Amino acid sequence: MPIFTDGSALGNPRPCGGAAVVYTHGLSKDAIIIKRPVAMWSTSFHGEVSAIDLALEYVVESATLRHSTRLIHSDCQAALDAIVNNTGDLTRLTSRIVRSIKILHEKGVAVEFCWIPEHAGIHLNDLADNAAKAAAEEARAWTTEHDNSEITMESAKKTTEVRTYSNLAETVGFSVGRSIHT
């Protein structure tokens, strides 16, 4: 079962989403495209890891073929590294991914990951990318009460940096996006 995942953020950090394109019967049938808005204010990395989690969640719920392999393609090497090493700001999410892999293993389903280059004209990855962007657009429309995502250290630092810079800009009287020269 080939699966292609992708995450997208509308700026970094900004609203983000994740998506997966799943072929349940090889490439001979139509794909199932699943997407999820992830956060109002996070990174594409968060979207990428969430897309892999979304794909595995689907596979766990639908895994019926024992002694089979699910091949998950991702264009984010950092997300794959974070999952393999259970490191980074999203350890709760990567731990959930590892648990899903263990559940599948107990069901006789192997999970393999494959890195693919991003924006290289791989049609199935482009489908996942478009769905992830649509999910990020959905996250943009959320209100704070809908956003139950975990806040990562990376996005918190970036948010603080952007807001501090904006506040300084207003106080000193220059526009955001221009350099400060001393």
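Taking the DSSP bridge list for the stretch 1-99 and keeping only pairs wholly inside it, about 70 percent are antiparallel.
Ordering 45-54, 127-136 by mean Cβ neighbour count within 10 Å, with the highest value first, yields 45-54, 127-136. The peptide list 1-14, 100-113, 30-43, 74-87, put in order of mean Cβ contacts within 10 Å with the highest first, becomes 1-14, 30-43, 74-87, 100-113.
Here's how it looks for HIS73: its modeled amide H is under 5 Å from those of ILE3, PHE4, THR5, CYS114, which are all 5 or more places away or on a different chain.
Derived scalar couplings between HN and Hα for the stretch 101-113 equal 5, 5, 4, 5, 4, 5, 7, x, 10, 8, 10, 10, 10 Hz in order, rounded to whole Hz, by the Karplus curve 6.51 cos²θ - 1.76 cosθ + 1.60 (θ = phi - 60°), x for Gly and Pro. Spatially, the stretch 78-109 and the stretch 113-131 are offset by 21 Å when compared through their Cα centroids. Cβ crowding within 10 Å ranks LEU124, LEU71 as LEU71, LEU124, fewest other Cβ atoms first.
Local charge for ARG66 was computed over the other residues whose Cβ lies under 11 Å away, with Lys and Arg +1 and Asp and Glu -1, and equals 0. What the Cα convex hull of the stretch 10-102 gives, in volume per residue, is 104 Å³.
Where a number appears in this text, it was derived from the coordinates with a stated rule and is not lab data. In this text, all values refer to a predicted model and were calculated from it rather than measured experimentally. No Cβ is skipped: glycine too gets one built from the backbone with ideal geometry, and neighbour counts run over all protein chains shown.
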